[in-house]
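Visitor: Below is one structure. I have some questions about it.
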Amino acid sequence: MSDDPIRGTEVPIIWNGRRARAFVPTLLAEAEFNVSPRTVAKCATAVAELGFGAEGMVGDLEVLGRLLLRSEGVASSFIEGIRAPIIDVVLAEQDLVDENNSAAWVAACLAATEAAFKHVGPLTEQVLLDWHRTLMTGSPLPARFVGVIRTEQGWIGGNDPTDAHLVTAPPQFLPELIADLIKFANRDDIDPIVQAAIMHGQFEVIHPFGDGNGRLGRILVGWLLCRRLSLSVAPPFSFSFAAESGAYGAGLVLYRMGNLDQWIQWFASAIQKAARVQRNLIDELQVIKSNWLHALSEGSPKLRRDSLAWQLLELLPRKLVLTSSMVENELGVSKKAALDSLRELVSRGVLVEHGGLSSGHGKPAILFVSSDLLGLAGSNPLG
């Protein structure tokens, strides 16, 4: 494809009386993409791996889906330097901590990712704006920039457009660029990996929002893969992007230069690796749950299958962090029975006590967590 690049054009701008040049990408909606046989093969391999990963989504789909969703949101936020202990992220998901911190921002990324994966219809500008609004919940971005296409000149790197790594398209070009990108994203006559790679590259070059473009651009990838390949949840591909952040950034530069083959090949490899990560996470979850079952059935004394402790094993993967009040509300038992069962699981090595959560009234609630499950949910993308 490098022989027939889709390079954009540069347009002059004036910034505080000084000249600079902004990059306006080529429109995509009606374009044809004749990638190399090597690229076609890599994309086919990635699609096959995604299919293998989807086959592992059996049993409790809610638990498995949430595990993969959380992994993707954590890794995507990690790329942008937004990091928080996974237990804080889980508490933020359940609205149990202050919204104005990094854990809440990661939780907001998870919420936007979940909304995108569940959206089975076509992409529209309103849908895109809604996802951005969800993504930026609790962020320091001024409200006037949230859920709104930027109306100011943007750039990436540097102090201003005169020394930036990339000066993005001036605001007057954005209505046409966004409409074109949406039309391209809704096509169904292109290989899905090729389409996802090009859509992501184009979105990042346009950089249509005041902040959150990287995370939202990756959310779009997950939405497209779910839509085109009928996946219930996309694999955590941001693990691959985070692990090879230099190559990821270089690939986006290659895209901007019109070298689609190299960019798409790298992208396809990243998706392929993500599908393997998905299978590994699912396998590790099954090992953890098997260990739990062994702890309850082989420990002393053995617990009856209809005991409250056994019921908690079904609740735990969905919540990750439990308190006696949660168990009381979810299972309709007394607070004492809930607390006794939680401590029974502590004695058997399934849970550990993790400090207390203050509600501002009375004694702080004790948090009960599975260290193994939290470690699986918040694995370091680079680890």
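Laboratory data are not the source of any read-out in this text; all were calculated from the coordinates shown. Just so you know, these numbers come straight off a predicted model, no measurement behind them. Neighbour counts are summed over all protein chains in view; Cβ atoms, including those assigned to glycine, are modelled from backbone coordinates with ideal geometry.
Visitor: What Rg and what Dmax come out for the chain when only alpha-carbon atoms are used, in angstroms?
Guide: 23.1, 80
Visitor: By how many nm would the segment from residue 31 to residue 9 lengthen if fully extended, with 0.36 nm per residue of separation less the alpha-carbon distance? Provide the component values of the computation, followed by the final result.
Guide: On the way: separation 22, 0.36 × 22 = 7.92 nm, distance 1.61 nm.
Difference between extended and current length: 6.3 nm.
Visitor: Same structure, new question: Compute the length gained on full extension between residue 230 and residue 340: take 0.36 nm times their separation in residues and subtract their Cα-Cα distance, giving the result in nm to one decimal.
Guide: Length difference between fully extended and current span is 35.3 nm.
Visitor: Also, quick follow-up: Of the residues 332, 17, 157, which exhibits the maximal mean-square fluctuation in a Gaussian network model of the chain defined by a 10 Å Cα contact cut-off?
Guide: Result: 17 has the largest fluctuation of those listed.
Visitor: I need the calculated FRET efficiency for the pair residue 318 and residue 125, taking r as the beta carbon distance and R₀ as 45 Å, to the nearest 0.05. Kindly include the intermediate steps, with their values, before the conclusion.
Guide: On the way: r = 34 Å, r/R0 = 0.75.
E between residue 318 and residue 125, to the nearest 0.05, is 0.85.
Visitor: Hey, another quick one. Among 68, 90, 263, whose Cα sits farthest toward the positive end of the charge dipole of the stretch 9-280 (+1 at Cβ of Lys/Arg, -1 at Cβ of Asp/Glu, about the Cα centre)?
Guide: 263
Visitor: With springs only between Cα atoms under 10 Å apart, run a GNM on the chain and tell me which of 67, 135, 345 wobbles the most.
Guide: Among 67, 135, 345, the largest GNM mean-square fluctuation belongs to 345.
Visitor: Let a ≥ b ≥ c be the square roots of the eigenvalues of the Cα gyration tensor of the stretch 180-233; is it rounded (a/c under 1.5), or, if not, prolate (a/b larger than b/c) or oblate?
Guide: Oblate is the answer for the stretch 180-233, as a/c is 1.5 or above yet b/c matches or exceeds a/b.
Visitor: With equal scatterers on the alpha carbons only and no solvent term, can you work out the Debye log10 of I(q)/I(0) for the stretch 76-169 at 0.11, 0.19, 0.22, 0.24 1/Å?
Guide: Once normalised to I(0) and log-transformed, intensities are -0.40, -1.01, -1.14, -1.20.
Visitor: Let me ask you something else. Check which residues have an amide H placed less than 5 Å from residue 366's amide H, if you skip close sequence neighbours.
Guide: Under 5 Å from the amide H of residue 366 lie the amide H atoms of 324, 357, each far enough along the sequence or on another chain.
Visitor: Would you kindly derive the ³J(HN,Hα) couplings of the stretch 208-222 from the backbone phi angles with the Karplus curve 6.51 cos²θ - 1.76 cosθ + 1.60 (θ = phi - 60°), listing them in order in whole Hz, with x for Gly and Pro?
Guide: Running phi through 6.51 cos²θ - 1.76 cosθ + 1.60 with θ = phi - 60° gives x, 10, x, 6, x, 5, x, 5, 5, x, 6, 4, 4, 4, x Hz.
Visitor: What list of ³J(HN,Hα) values in whole Hz, one per residue of the stretch 259-267 in order, does the Karplus curve 6.51 cos²θ - 1.76 cosθ + 1.60 (θ = phi - 60°) give from phi, with Gly and Pro shown as x?
Guide: In residue order, the calculated couplings are 8, 5, 4, 4, 5, 5, 4, 5, 4 Hz.
Visitor: Per-residue ellipticity at 222 nm for the chain, helices alone: DSSP H runs ≥ 4 residues times -39500 (n - 2.57), over residue total, nearest 500 deg cm²/dmol?
Guide: After summing the helix terms and dividing by residue count, I get -18500 deg cm²/dmol.
Visitor: Note down the magnitude of the dipole of the chain about its Cα centre, charges +1 on Lys and Arg C-beta and -1 on Asp and Glu C-beta and zero elsewhere, to the nearest 20 debye.
Guide: That gives a dipole near 500 debye.
Visitor: Using unit Cβ charges (K, R positive; D, E negative) and no other charged atoms, how large, in debye to the nearest 20, is the dipole of the stretch 54-199 about its Cα centre? Let's see the in-between values first.
Guide: On the way: 9 positive and 21 negative charges, 33 e Å.
It works out to roughly 160 debye.
Visitor: Can you tell me the Rg and Dmax of the stretch 163-262, counting just the alpha carbons, in angstroms?
Guide: 13.6, 43
Visitor: Place a point 7 Å from the Cα of residue 152 along the Cα-to-Cβ direction; which residues of the stretch 198-237 have their backbone N under 14 Å from it?
Guide: 209-212
Visitor: Under 19 Å from the Cα of residue 273, which aspartates and glutamates turn up, not counting those fewer than eight places away in the same chain?
Guide: Partners found: 49, 55, 72, 191, 244, 261, 283, 284.
Visitor: If you don't mind, there's one more thing I want to ask. Using +1 at the Cβ of each Lys and Arg and -1 at the Cβ of each Asp and Glu in the chain, identify which of 81, 309, 57 lies farthest towards the dipole's positive end.
Guide: About the Cα centre, the residue reaching furthest to the positive side is 309.
Visitor: Same structure again: Is there a pair in 118/335; 42/289; 118/183; 42/183; 118/319 whose C-alpha atoms are over 28 Å apart, and which pairs would that be?
Guide: 118/335; 42/289
Visitor: For the stretch 155-168, what does the Karplus curve 6.51 cos²θ - 1.76 cosθ + 1.60, with θ = phi - 60°, yield as ³J(HN,Hα) per residue in whole Hz, taken in order and with x for Gly and Pro?
Guide: Along the stretch 155-168, the couplings run 7, 10, x, x, 8, 6, x, 6, 9, 6, 5, 8, 9, 6 Hz.
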